[in-house]
Structure formats: C-alpha cells, structure tokens
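Report on the structure given below.
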Amino acid sequence: MSRPAGGPGAPAGLQLVRWWDLPELVELERMLFAEDAWSEATWWGELAQGSARRYLLDRDPASGAVLGYAGVALNGPDADVMTVAVAPAAQGRGLGRRLTEALVDMAADAGASQLLLEVRADNVPAQRLYARTGFERIAVRRRYYRDGVDAWILRRRPLR
C-alpha cells in the first residue's frame with residue numbers, strides 16, 4: 001500500500017519516516033537484527049525527538065513495501081548514524097549507499113563537522129559500505145553487542 005510522500009526535508013526518492021511506517025519498520029528490524037531489534041516503543045521514542053533525529057525510508061514503487069531505512073541524530077558538530085538497514089531482497093543494489101549518503105548530507109546541512117557510527121566487527125558487508133562512503137575506523141568497543149561481538153567506531157570527517 002502506498003503512503004503519503006515523505007514531505008519537505010527528504011532527499012529525492014526517499015521519504016521521511018512517519019508514525020504509520022512503524023509496524024513495517026519493526027517487522028524488518030526483527031528480521032534483520034533479531035535480539036538487537038528496536039521495539040515499537042523505541043521507534044516512537046526516536047520519532048518523538050523531532051528535528052534532533054531524522055529517519056528516512058525507501059519504498060518499492062510497485063508494491064509499496066519498505067526496502068530500507070536509515071536515521072541520524074543531529075547533535076551540533078557531532079552527528080551520529082543511528083541505523084542503516086536494507087531488506088534482504090534489496091541488498092546489493094546500492095540502497096545502503098544511497099541511504100548513508102543521504103545521512104551524510106543531512107548531517108552536513110545541519111552544521112555537523114563529523115558523522116560517527118558503530119558497526120559490528122563481524123558485519124563485513126556494512127564495513128565495506130561505510131568504507132566506500134568515506135568512513136574510517138577510529139576505535140573499538142569491546143564486547144559491545146549482547147552476544148559479545150565488538151563494535152567498531154567509525155567516523156567520516158569532513159562531511160563534504
């Protein structure tokens with residue numbers, strides 16, 4: 001089912017996440033992130049942050065299904081990638097890169113001078129995506145995830 005367009009502030013072809021998108025996002029979260037998936041309550045909390053948090057999504061033009069989503073926390077000079085997720089059927093088509101680049105642009109437009117993120121040390125496809133979009137590893141958080149896997153802290157600076 002098609003939903004209303006994302007409105008002002010969303011890059012071309014992407015939509016801002018709205019409350020009516022949450023059931024689909026929660027379902028995709030569970031599929032992709034299992035135990036680390038955000039709950040609907042977490043999503044509501046994120047949307048309640050207003051302009052301090054911005055979330056985008058992409059939908060299949062034919063079916064209306066969510067293909068991917070991403071979000072950024074805008075905290076002045078330091079912005080943080082909150083999430084980047086792509087449905088299995090849409091992986092390998094450049095959507096993750098498009099979403100990540102949109103977050104970079106949003107952070108730069110908000111006045112940030114750097115963008116930070118955490119990625120699982122065992123998530124090689126995501127690490128490759130972030131390297132291709134200009135991120136560099138700056139630190140490691142040992143045993144950060146529930147299953148004991150380390151998190152790599154990545155940074156992109158400058159943003160443009």
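Values in this text are rule-based calculations from the coordinates and carry no lab data. Everything numeric in this text was worked out from a predicted model, so none of it was measured.
Report the far tail of the P(r) of segment 12-124, meaning the percent of Cα-Cα pairs longer than 19 Å. When every Cα pair of segment 12-124 is considered, 43 percent fall beyond 19 Å. Between 101, 46, 35, the GNM of the chain built on Cα springs shorter than 10 angstrom shows 35 fluctuating the most. Residues whose amide H falls under 5 Å from that of residue 150, counting only those 5 or more places apart or on a different chain, are 121, 143, 144, with hydrogens built in the peptide plane.
The phi torsions of segment 86-94, fed into the Karplus equation with coefficients 6.51, -1.76 and 1.60 and a -60° offset, translate into couplings of 10, 4, x, 5, 9, 5, x, 10, x Hz, rounded to whole numbers, with Gly and Pro shown as x. Within the listed set 31, 106, 82, the Gaussian network model of the chain (springs between alpha-carbon atoms below 10 Å) gives the highest mean-square fluctuation for 31.
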